[in-house]
Amino acid sequence: MEFSKGMKLLDMMPTGYDWNYVNELFNTLGESGREIYLKNQIPVDMIYPLLFGLTYSLIFAYFLKKLGKLKPPFIYICYLPIIAGLADYLENFGIINMLNNYPNITDTMVNTTSVFSVLKSTSTSIFFIALIVILIILGIKFLKRNKTAA
């Protein structure tokens, strides 16, 4: 962020970006900033998607099992964190490709990577909304069970 002068990095833009933004960002970052983005930021972001996808899929499956709903169609929600993780990896590979090819980046490179950024943020948001709903349902079930036991 120090090199970007306040501009958001691409993997922090949930609604996507266009060629002009990417070009301006990479120009603002300069050679040193692009190098740090490529060699420091992206490698760290290669661990998180795997952990996110696996952990949250298992957590959601656990809660669904508690509700007796670990079957279609509910089980498909367990795939959302995996989809988000895969989209994050594809976004990272797109950013790597653009950083390695700068200043010769194309609209196709930018648009494809931007689609993965939007897919990542959308699937993550839907998952967390579903998780909150499941936790509320579990909480209500727990309160009802304790109320009838008392």
Looking at (1) surrounded by 13 or more Cβ atoms within 10 Å (Cβ to Cβ); (2) over 30 Å from T108 (Cβ atoms); (3) not polar (S, T, N, Q), find the lone condition where G16 falls short. (2)
Does region 120-136 include one or more residues that are within 21 Å of the chain's Cα centre (by Cα), in a helix (DSSP H, G or I), within 18 Å of L54 (Cβ to Cβ) and of a type in the set (S, T, Y)? yes
Please list, ordered by first then second residue, the pairs with beta carbon atoms under 6 Å, 6 or more apart or interchain, first in region 17-37 and closer than 16 Å to S114 by Cβ, second part of a helix (DSSP H, G or I) and among the small types (G, A, S). Y17/S114
The residue from I105, I95 that alone is at pLDDT 95 or above, under 20 Å from M12 (Cβ atoms), surrounded by 11 or more Cβ atoms within 10 Å (Cβ to Cβ) and touching a Leu at 6+ places or on another chain (Cβ under 6 Å) is I95
Taking the options F63, F74, F116, name whichever one is surrounded by 14 or more Cβ atoms within 10 Å (Cβ to Cβ), among the aromatic types (F, W, Y), on the phi < 0 side of the Ramachandran plot and at pLDDT below 95. F74
Would you mind finding the one in L80, L86 that is part of a helix (DSSP H, G or I) and surrounded by fewer than 19 Cβ atoms within 10 Å (Cβ to Cβ)? L86
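To keep it simple, each residue is scored yes or no on (1) more than 23 Å from T122 (Cβ to Cβ); (2) touching a helix residue (DSSP H, G or I) at 6+ places or on another chain (Cβ under 6 Å); (3) small (G, A, S).
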{"site": "T15", "(1), (2), (3)": "no, no, no"}
{"site": "N23", "(1), (2), (3)": "yes, no, no"}
{"site": "R34", "(1), (2), (3)": "yes, yes, no"}
{"site": "I59", "(1), (2), (3)": "no, no, no"}
{"site": "K65", "(1), (2), (3)": "yes, no, no"}
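The values are calculated or read from the model by the stated rules, or taken from the named source; none is laboratory data. As the structure is a prediction and not an experimental result, all values here were calculated from the model. For neighbour counting, all protein chains shown are included, and Cβ atoms are generated from backbone atoms with ideal geometry for every residue, glycine included.
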